[in-house]
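The values are calculated or read from the model by the stated rules, or taken from the named source; none is laboratory data. Treat the numbers as computed from the prediction; the structure is a model and nothing was measured. Don't worry about glycine lacking a Cβ; one is built from the backbone with ideal geometry, like all the others, and counts go over all protein chains shown. All accessible areas refer to the heavy atoms of the entire protein, side chains included, with ligands and DNA or RNA removed. Shrake-Rupley method; radii C 1.70, N 1.55, O 1.52, S 1.80 Å.
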Amino acid sequence: MLHECPPGPVGDFLDRFRLDERFPHILCPGCGIGTAMGTMVRSLAELGIGEDELCVVSGIGCSSRVPGYMDTDTFHTLHGRAIPAATGVKQAKPELTLVVYGGDGDIMAIGGNHFIHAARRNMDITVFVVNNRTYAMTGGQYSPTTPTHEKAATAPFGNCERSFDICFMARASGAMFVARSTTYHVAHLKKMMKLALTKTGFSVVEIVSQCPTLYGRHQRIGDGVKMLQWFRDNSVDVSKVEDPWQEQERFVIGVLHDREEVPPYTALYQRVREAAQQADSA
Amino acid sequence: MPQLLSGNEACAIGALRAGVRFFAGYPITPSTEIAEYFARELPRLGGTYIQMEDEIGSICCMNGATAAGLKAMTATSGPGFSLMQEGIGYSIMAELPCIIVNVMRGGPATGTPTRSSQGDLMQARHGTHGDHPIIALCPWSVRECFDLTVEAVDVSERLRLPVILLMDEVVGHMRETVELPLRVETWKPSNPRRPKEEYFHYGDETNYDSDIASFGEGFRVHLTGLVHRKDGLPTNDPETIRWNMDRLRRKVDDNASWLWDLTYEDLGAETVIVCYGSSARSATEAKNLYQRKTGRSVGIIRLRMVWPFPQQRMVSLLRSARRVIVPEMNMGQMNRSVERAVSPDVPVISVQRYDGEMLTPGEIVDAIGREVPSARPLPEEDLHPGFSIADDEEF
Ligand SMILES: Cc1ncc(C[n+]2csc(CCOP(=O)(O)OP(=O)(O)O)c2C)c(N)n1
Ligand code: SF4
């Protein structure tokens, strides 16, 4: 069980961010969300980000339940609204590190417009999108990332819509840093998360994750282990593909976009304040 | 120094003087001047004006700033108010003391963007889903836009609830000369002086005026829109659900007597007008006209706080009324609450206007004089023939 992790550095990290009395958690056996959460916690700890310098914000969904297991400031908001809520917190307390943690439905469907505009505004927040290609919490309906033709609870004859690429969307909207990893590649995922957390400005890590209970069953992939093997066998590093945005079949993992930093919104708005105050004294 | 100001400006000034330092919004007529005022003034004061991508983003962003310890506000009108409803529920559930201004225009849908209305009275009460307390204030003048914004800030902090300021297009755009106080006083909670192990974000059982931590202060605050325990973490335990719901209900119920805010005059009269917002201006004028014409006085009750509806108070204030008139710029919304405050044989006459124009004093005067069927017929001498005002040049 998670709360009996071995002593040593890893245990220490988990102890630091873990709300013991909340365990056992509500996630299914074999689910990838816990792996992604554990990796996030290790990344935060290794970067030396303290519990009292952090606020973890989420919306609604299986993935979004994660902050409720963390011993830090946590903000479990409405479905799709983690990003605007984090925007308010960041602007009020710029010194806090803001992490948004949520699902593909939460962040890319109902919250899609907020995602685009926070990226455009360059809010200094780090967004971890757990992409399990489905609305898991409500029972496995198709989401904006469910591939065409796949079956889902609301697509019994196959999904007729096209899916979209979270990372491409992030880059197009103006994100400073965009990466993808999977719950199989835990060390790689941690590296991506740490890079995202270090980057100033809007940064996004898409975490391809397994939902064996719903997605795995609908696609007949199998249990959590089978799904992880599927990630292992179908991922390719970004350095090995010609055009990462054209890959349809495989998961392209690695840093997909890392641009020269521009000032985040908080700094830009500080300039607005200075201009307003100067106009006053003039 | 006296100033010529609009209601929207007075509202923004009241907010700034009461300590509002964060505004998240999205432009919409007829509330936009509030946003523009904040965009100009907040950066000078070191605050933030942020224009969000929509009203859902606005209210959630405001909730975030409130959770991080700033006094925050948003302002909108009809369609935007509709988009905000889920977020208002969140402010209530998480107990975030923020201010939501709705400068009412005609609905439904896009309705009449530039015309006035009081059509959102019931939406303010019941717009967000689930049982919940609501506090809503309704100014009738430029000065009151200032005063009630300050009151909204004060009440929101005391009860740790959002407060809705229901203005309307007439009050928002009307200009009056006012002299506003430079200093205003509002209640503020203190920072917790306890170790974080002893701090519970919803731990105050009996009063709501305790010490409150925000994000970033080392107390590891947990906020959720789910039903939660006193430490802020979610639960499905029936006993705790009941505790959480009762806690929210009691915020308003236990404090109703000092919360209620209304003015009244001449309640000995047999006819009493119950009114609020800009319709109360017409109602006051109607009362004066009728008195002058007939020599008979008319009672008036004006609600400055429309929600919670002052039920018990109204029962006692309307005890001797033989008929009640409720003029509103809608299809009759408050009249239902008033009906519940009088005995069934007292007729409650709903005077409605929903063509985007203000009610005229004449329309209300007509209603005062109108003969209405009543379960208990009124004595002969109590019935006054209505008089038409169309041929009276005074109107
Ligand atoms: C406004 C609103 N609409 C719908 C829902 C129902 N709902 C809850 S979670 C969810 C989808 C979650 O999917 P995702 O964000 O991908 O997270 P996952 O559960 O897959 O981790 C939906 C539709 C809701 N809570 N609120
Ligand atoms: S339903 Fe899927 S995503 Fe949700 S906890 Fe279970 S396995 Fe994880």
Write down the accessible area per residue of segment B:262-380 in Å², having rolled a 1.4 Å probe over the full set of protein chains.
41 Å²
Estimate for me the total accessible surface buried between chains A and B (protein heavy atoms, probe 1.4 Å, no ligands or nucleic acids), in Å² to the nearest 100.
3300 Å²
What residue among B:Gly111, B:Gly25, B:Gly87 shows peak mean-square fluctuation when chain B is described by a Gaussian network model with Cα springs under 10 Å?
B:Gly111
Give me the inter-chain shielding for B:222-235: mean count of other chain Cβ atoms within 10 Å, whole number please.
4
Residues meeting the amide H criterion for A:Arg18 (H placed from the backbone, H to H distance under 5 Å, 5 or more places apart or on another chain) are A:Asp71
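Can you check what the net charge comes to around A:Val262, using other residues whose Cβ is under 15 Å from the Cβ of A:Val262 (Lys, Arg +1; Asp, Glu -1)?
Working: positive: A:Arg120, A:Arg121, A:Arg171, A:Lys199, A:Arg259, A:Arg271; negative: A:Asp124, A:Asp258, A:Glu260, A:Glu261.
Result for the local shell: +2.
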Tally up the carbon and sulfur contribution to the accessible surface of segment B:196-253 as a whole percent, 1.4 Å probe, everything protein left in place.
47 percent
Determine, for each peptide in B:197-203, A:115-121, B:185-191, the mean count of other beta carbons within 10 angstrom over its residues, then list the peptides with the highest first.
A:115-121, B:197-203, B:185-191
Approximate spin-label separation B:Asn191-A:Glu260, in nm, with each point projected 7 Å along Cα-to-Cβ:
4.1 nm
Helix A:82-92: inclination vs chain A longest Cα principal axis, degrees, rounded to 10, gives 20 degrees
Separation of the A:Arg16 and A:Phe164 label points, Cα + 7 Å toward Cβ, nm:
3.7 nm
Label-zone membership for segment A:75-111, site A:Arg273, 7 angstrom Cα→C-beta point, backbone N under 12 Å
A:91-95
Amide H to amide H, which residues 5 or more places from A:Asn131 or on other chains are under 5 Å from it, using H placed in the peptide plane?
A:Ile207, A:Val208, A:Ser209
Here the net charge surrounding B:Arg304, from other residues whose Cβ is less than 11 Å away from its Cβ (Lys, Arg +1; Asp, Glu -1), is -3
Mind putting a number on the dipole of chain B about its Cα centre? Charges go on the C-beta only, +1 for Lys and Arg and -1 for Asp and Glu, and I need it in Debye to the nearest 20.
800 debye
Considering amide H positions built from the backbone, and no H for Pro or chain starts, which residues 5 or more places from A:Gly140, or on another chain, come under 5 Å of its amide H?
A:Tyr135
With an 8 Å Cα cut-off and a minimum separation of 6 or more residues, compute the relative contact order for segment A:168-282 in percent.
30 percent
Please work out, to two decimal places, the log10 of the ratio I(q)/I(0) at q = 0.06, 0.07, 0.09 Å⁻¹ from a Debye calculation in which every Cα of the protein assembly as shown carries one identical scatterer.
-0.40, -0.53, -0.80
Note on segment B:196-253: C-alpha Rg/Rh, Kirkwood Rh, two decimals, gives 0.96
Helix-derived mean residue ellipticity, 222 nm - over the protein assembly as shown, DSSP H n ≥ 4, -39500 (n - 2.57), to 500:
-10500 deg cm²/dmol
May I have the pair-distance distribution P(r) for segment B:109-260, computed from all Cα-Cα distances with 10 Å bins from 0 and rounded to whole percent?
9, 30, 32, 20, 8, 1
Per residue, how much accessible surface does segment B:115-211 expose to a 1.4 Å probe? Answer in Å², no decimals.
43 Å²
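Counting only protein heavy atoms and a 1.4 Å probe, tell me what percentage of chain A's accessible area is made up of carbon and sulfur.
Reported share for carbon and sulfur atoms: 53 percent.
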Which percent, to the nearest 5, of DSSP beta bridges fully inside segment B:3-178 are antiparallel?
25 percent
If I stretch the segment between B:Met331 and B:Asp231 completely, what's the gain in nm (0.36 nm per residue apart, minus their alpha carbon distance), one decimal?
31.6 nm
With bins 10 Å wide starting at 0, give me the P(r) of segment A:1-145 over every alpha carbon pair, in whole percents.
12, 42, 34, 11, 0
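Taking the inverse of the average 1/r across all pairs of different Cα atoms in segment B:262-380, what Kirkwood radius in Å do you get?
Answer for segment B:262-380: a Kirkwood hydrodynamic radius of 14.1 Å.
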On average, how many beta carbons from a partner chain sit within 10 Å of the beta carbon of a residue in A:262-275?
2
Calculate the FRET efficiency for B:Thr240 and B:Glu339 from the Cβ-Cβ distance with a Förster distance of 41 Å, rounded to the nearest 0.05.
0.65
Which FRET efficiency value, to the nearest 0.05, do you get for A:Ala282 and B:His129 by plugging their Cβ-Cβ distance into 1/(1 + (r/R0)^6) with R0 = 41 Å?
0.25
Mind checking which of B:Gly216, B:Asn8, B:Ile100 is farthest towards the positive end of chain B's charge dipole, using Cβ charges of +1 (Lys, Arg) and -1 (Asp, Glu) about the Cα centre?
B:Gly216
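Take every Cα pair under 8 Å in chain B that's 6+ residues apart, average their separations, divide by the length, and report that relative contact order as a whole percent.
Here the relative contact order equals 15 percent.
What percent do you get for the relative contact order of chain A when only Cα pairs under 8 Å and 6+ apart count? Kindly include the intermediate steps, with their values, before the conclusion.
Numbers: 575 pairs, mean separation 47.3, N = 282.
Across chain A, relative contact order equals 17 percent.
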In whole Å, what are the Cα extents of chain B along the three principal axes, biggest one first?
72, 47, 39
Describe numerically, in nm with one decimal, the distance between label points set 7 Å from Cα along Cα→Cβ at A:Lys226 and at B:Ala256.
6.0 nm
